[in-house]
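The structure appears below as structure tokens.
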Amino acid sequence: MRRPVKSIVVLTGAGISAESGISTFRASDGLWENHRIDDVATPEGFERNPQLVHHFYNQRRRQLLLEDIRPNAAHTALVRLEREFPGEVLIVTQNVDNLHERAGSRKLLHMHGELLKMRCVETNQIFDVQEDIGFDTLCRCCQTPGNLRPHIVWFGEIPLHMPQISRALESCDLFVAIGTSGNVYPASGFYQTAKIHRAHTVELNLEQTRSSFDERLFGRASIVVPEYVDQLICSAVAP
Ligand code: OAD
């Protein structure tokens, strides 16, 4: 029998932001906005050609700051879950956009970093940025050109907040993955960790992935997430 749900971990991926106008990663051509992932999302790519990598993230940042890029109904539904569910709700996102926080989510961990932040490679200090950055931009802490890198977790690097995420996965009663293909480790294994610790696991996605969740709901995030959140809140507050 399923135990009562007192704590929920929600993992989100690019699919939750797709209807806000931000491209997902795994398009059929294997390219990310016309670039090879090795060139723009690895430490080696940055070492080889920092100008290209800065240019790429400048473009992504500009796109995110466009007026018509806004949180959609799925982001808003998760805010409602955090506010109205009478228990713990933690959102772990693989997304580097800021749509969850713009919608109003508070308990949120960006495991793959954030597009609107840069980091000093010497001191690890993190800075908010909205403007374009180049290889010659002076770092705000050490005033050295070339010391700033995007605060993004690239392939081969360790995701952020892992100890906190692991603790939450081990103690949650319900794990919900939204709009993620399950192709990138370690996020792809989160449902298994939660399952081992006896949580119920649910996938909300446009299409079936290879992961074996206990329950699956298919459809656009802007439709299925609000419906699912309504259901969770209703069953939690029902007498
Ligand atoms: P992917 O692009 O791999 O997968 C997006 C998923 O969203 C797919 O399973 C789609 O079926 C689903 N999807 C698309 N549109 C949707 C919609 N409107 N509603 C619901 N689902 C929809 O993106 P991620 O799984 O997030 O890492 O990718 C994981 C990581 O790989 C990213 O964080 C990024 C990337 O390389 C880094 O940048 C480190």
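Quick notes
- Length available on full extension from Q143 to N49: 0.36 nm per residue minus the Cα-Cα distance, which gives 31.7 nm.
- Label-to-label distance for S7 and D38 is 4.2 nm, based on points extended 7 Å past Cα in the beta-carbon direction.
- Karplus 3J(HN,Hα) series, Hz, for the range 194-209 with 6.51 cos²θ - 1.76 cosθ + 1.60 (x for Gly, Pro): 4, 5, 4, 8, 6, 7, 7, 10, 9, 10, 10, 7, 5, 9, 5, 9
- Here the Karplus relation 6.51 cos²θ - 1.76 cosθ + 1.60, evaluated at θ = phi - 60°, turns the backbone of the range 6-11 into coupling constants of 10, 9, 10, 10, 10, 9 Hz, with x for every Gly and Pro.
- Cα centroid separation - the range 134-177 against the range 201-239, whole Å: 28 Å
- GNM flexibility winner over the chain from P226, P150, P186 (Cα, springs under 10 Å): P186
- Percent RCO, i.e. relative contact order, over the chain, from Cα pairs under 8 Å lying at least 6 residues apart: 24 percent
- Taking the chain as a Gaussian network of alpha-carbon nodes connected by springs under 10 Å, the highest mean-square fluctuation of the residues Y185, Y57, Y228 belongs to Y185.
- Hull-based mean projected area of the chain, where the convex hull spans the alpha carbons, in square nanometres: 13.1 nm²
- Cα long-axis angle, helix 73-84 against the chain (0 to 90 degrees, to the nearest 10): 60 degrees
- By accessible area with a 1.4 Å probe, ligands and nucleic acids excluded, highest first: order of T209, T144: T144, T209
- Relative to the longest principal axis of the Cα atoms of the chain, the long axis of helix 162-171 makes an angle of roughly 0 degrees.
- On the beta carbon distance between D230 and I126, with R0 = 30 Å, the FRET formula returns roughly 0.25.
- The range 153-239 shape via C-alpha gyration tensor axes, a/c threshold 1.5: oblate
- Accessible area of the chain divided out per residue, in Å², using a probe of 1.4 angstrom: 50 Å²
- The overall shape of the range 149-188, judged from the alpha-carbon gyration tensor, is oblate: a/c is not under 1.5, and a/b is no greater than b/c.
- The range 164-239 - percent of accessible surface contributed by carbon and sulfur, probe 1.4 Å: 50 percent
The values are calculated or read from the model by the stated rules, or taken from the named source; none is laboratory data. Note that the coordinates shown come from a computational prediction; the quantities given were computed from them, not determined experimentally. All Cβ positions, even for glycine, are placed from backbone atoms using ideal geometry, and neighbour counts span all protein chains on display. Side chains are part of the model used for accessible areas, which takes the heavy atoms of the whole protein and leaves out ligands, DNA and RNA. Shrake-Rupley method; radii C 1.70, N 1.55, O 1.52, S 1.80 Å.
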